[in-house]
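The values are calculated or read from the model by the stated rules, or taken from the named source; none is laboratory data. Please read these numbers as outputs of a predicted model, since none were measured by experiment. FYI the Cβ positions are ideal-geometry reconstructions off the backbone, even for glycines, and counts take in every protein chain you see. Areas reflect the complete protein model, heavy atoms only, side chains present, ligands, DNA and RNA absent. Shrake-Rupley method; radii C 1.70, N 1.55, O 1.52, S 1.80 Å.
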Amino acid sequence: MSRRTVIAAGAIGAVSAALPLGAANAQTTGTSASGKPGAKAPRLRFHENRTFKVVQFNDTQDDELTDRRTVELMEKVLDQEKPDFVVINGDVITGGCENRLAVKQAINNVVQPMESRRIPWAVTYGNHDEDSLPQSGVDEAGMLKIYRSYDFNMNAENERGLTGTSNTIVPIASASKQNRQAFALWLIDSGRYAPGAINGQDFAGYPTWDWLRMDQVSWYREQSQRLERSQGRKVPGLMFIHIALWEHRFMWWGGVDTRTPADAARGKARHRIVGERNEDECPGPINSGMYNAILERGDVKGVFVGHDHVNDYCGDYYGVLLGYAPGTGFGAYGLDGAERNRLRGGRVFELTENGDDVSIATRVVYARDLGIDLTANDQPMQPLPLGPKQQKI
């Protein structure tokens, strides 16, 4: 059993009392037919030297009294790496925000590192983002309004009839051809928790997390085909979702039902895995089929997740990179005891455009290498001041 099982139990009880069945994937009317950022969002392009850098933070996961080291880590990574785009890949905030102001402050604390540096950014949603809903009254749709009020945010509006909040395609233009899309970043909402039951059967004994729904898989496939038609070729990309796919677990163990050190060694050798696995992968009880769709389409070159804070591994699963970014937030759970904060960090992606293809190199940057205090305690900060637009929302 993962320590996450214990952590989730309280959150499920609190949220289920306030939310109707399916509210975590409520469908709302939006204005973006294709999931692209709005017209006023920044436009991304490969540099003249054909490079582009993305940073993934994960699970900043705190209330308005964010641990100060979370912000320090984000700022030091941004100053060292100077990325062109940043994604906070789910669980941006968590429970503890008692009102709307606190939600805005919790969000503001972790987006200001990008806003103050004028770095385009976006978020995906995780299972904990609505934990404060019963007290604050702010759901994911309300958070999206807050996110989109920032100058450098690139989240798309919700799309009519599509499960999830702000499923977004962030295009990156070619360095050499003005109207050519060289790369795509797919940011998809993997949901929150499994429903209480389906067709009269509960999920006792199964994982309690959510999963990508078939309409999201179909949306990816259709939009991928649309991109291919418009560009005259398949557009390579990366996908960011919060909750791991079942294939992450299969890759690590080198099989479906295998669990021995020899099995893990086989998986590591076959799939060239690097990094640590310190807790169980926690996908939902149903395999969404997203990996199968990605394998069929052949454009997404990697799927990167968070959710499981003390995993940071990455491997090549039959031609598709599958990996984790470690937890970024010092206020959330980490390793046990004095080791609690050893794996805090972010993942860096260095993209290089080469004709129709884009090569991808990835690595993890750790707080331990940036001179940040790793003491296993809590160091809350006072909320950063809100900007005029955020004060009005």
Original post:
In the Gaussian network model of the chain, springs joining C-alpha atoms below 10 Å, which of Ala197, Ala41, Ala376 carries the largest mean-square fluctuation?
Top reply: Ala197
**OP:** May I ask what percent, to the nearest 5, of DSSP beta bridges between residues of the range 84-220 are antiparallel?
**Re:** 65 percent
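Loop-only GluC sites (Glu not before Pro) in the range 30-102, please: DSSP not H, G, I, E or B, and at most 12 other Cβ atoms within 10 Å. The partial results should precede the final answer.
Numbers: sites: Glu48, Glu64, Glu72, Glu75, Glu81, Glu98; in loops: Glu48, Glu64, Glu98.
Listed in order of number, the matching sites are Glu48.
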Original post:
Considering the chain as a Gaussian network with a 10 Å cut-off on Cα pairs, which listed residue, Thr168, Thr208, Thr94, attains the greatest mean-square fluctuation?
Top reply: Thr208
Original post:
Which residues' amide hydrogens lie under 5 Å from the amide hydrogen of Gly126, considering only partners 5 or more residues apart or on another chain, with H built in the peptide plane?
Top reply: Asp91, Val92
**OP:** Quick one: which residues, 5 or more positions from Leu44 or on another chain, have an amide H under 5 Å from its amide H? H modelled 1.01 Å from N in the peptide plane, none for Pro or chain starts.
**Re:** Ala173
Original post:
What list of ³J(HN,Hα) couplings, whole Hz, do you get for the range 169-176 from phi and the Karplus terms 6.51, -1.76, 1.60, once you set θ to phi - 60° and write x for glycine and proline?
Top reply: 10, 9, x, 10, 6, 5, 6, 9
Subject >> HN-Hα J in Hz across the range 237-242 - Karplus 6.51, -1.76, 1.60, θ = phi - 60°, x for Gly and Pro >> reply: x, 10, 10, 10, 9, 7
Subject >> GNM flexibility winner over the chain from Gly346, Gly137, Gly232 (Cα, springs under 10 Å) >> reply: Gly232
**OP:** Could you work out how far apart the two model spin labels at Asn287 and Gln178 are, taking each label as a point 7 Å from the Cα in the direction of the beta carbon, and quote it in nm?
**Re:** 4.7 nm
Original post:
By per-residue mean of other Cβ atoms within 10 Å, what is the highest-first order of 100-107, 224-231?
Top reply: 100-107, 224-231
Subject >> Estimated vicinal HN-Hα couplings, Hz - the range 335-341 in sequence order (Karplus 6.51, -1.76, 1.60; Gly, Pro = x) >> reply: 5, 7, x, 5, 7, 2, 9
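Which percent of the accessible heavy-atom area of the chain goes to carbon and sulfur, probe 1.4 angstrom? Walk me through the numbers before you get to the answer.
Numbers: 7740 of 15480 Å².
Whole-percent figure for carbon plus sulfur exposure: 50.
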Subject >> Furthest towards positive pole of dipole, Gly319, Gly345, Gln391, structure part the range 258-393, Cβ charges >> reply: Gln391
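Assuming R0 = 35 Å, what is the FRET efficiency of Lys82 and Asp257, from their Cβ-Cβ distance, to the nearest 0.05?
Numbers: r = 44 Å, r/R0 = 1.27.
Computed FRET efficiency for Lys82 and Asp257: 0.20.
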Original post:
At what distance in nm do the modelled label points of Leu295 and Ala338 sit from each other, each positioned 7 Å from its Cα along Cα→Cβ?
Top reply: 4.5 nm
**OP:** For Arg344, enumerate residues with amide H under 5 Å from its amide H, sequence gap 5+ or separate chain, H modeled in the peptide plane.
**Re:** Ala367
Subject >> Among (i) 0.93; (ii) 1.00; (iii) 0.96, the entry derived from the coordinates for Rg/Rh (Cα atoms, Kirkwood Rh) >> reply: (i)
Subject >> Computed [θ] at 222 nm, helices only, for the chain once each DSSP H run of length n ≥ 4 contributes -39500 (n - 2.57) >> reply: -8500 deg cm²/dmol
Original post:
Taking the alpha-carbon centroid of each part, what is the distance from the range 151-216 to the range 352-393 in angstrom?
Top reply: 21 Å
Original post:
For the range 232-314, what does the equivalent ellipsoid look like in terms of its semi-axes, each the square root of 5 times an eigenvalue of the Cα gyration tensor, given largest first in whole Å?
Top reply: 23, 15, 13
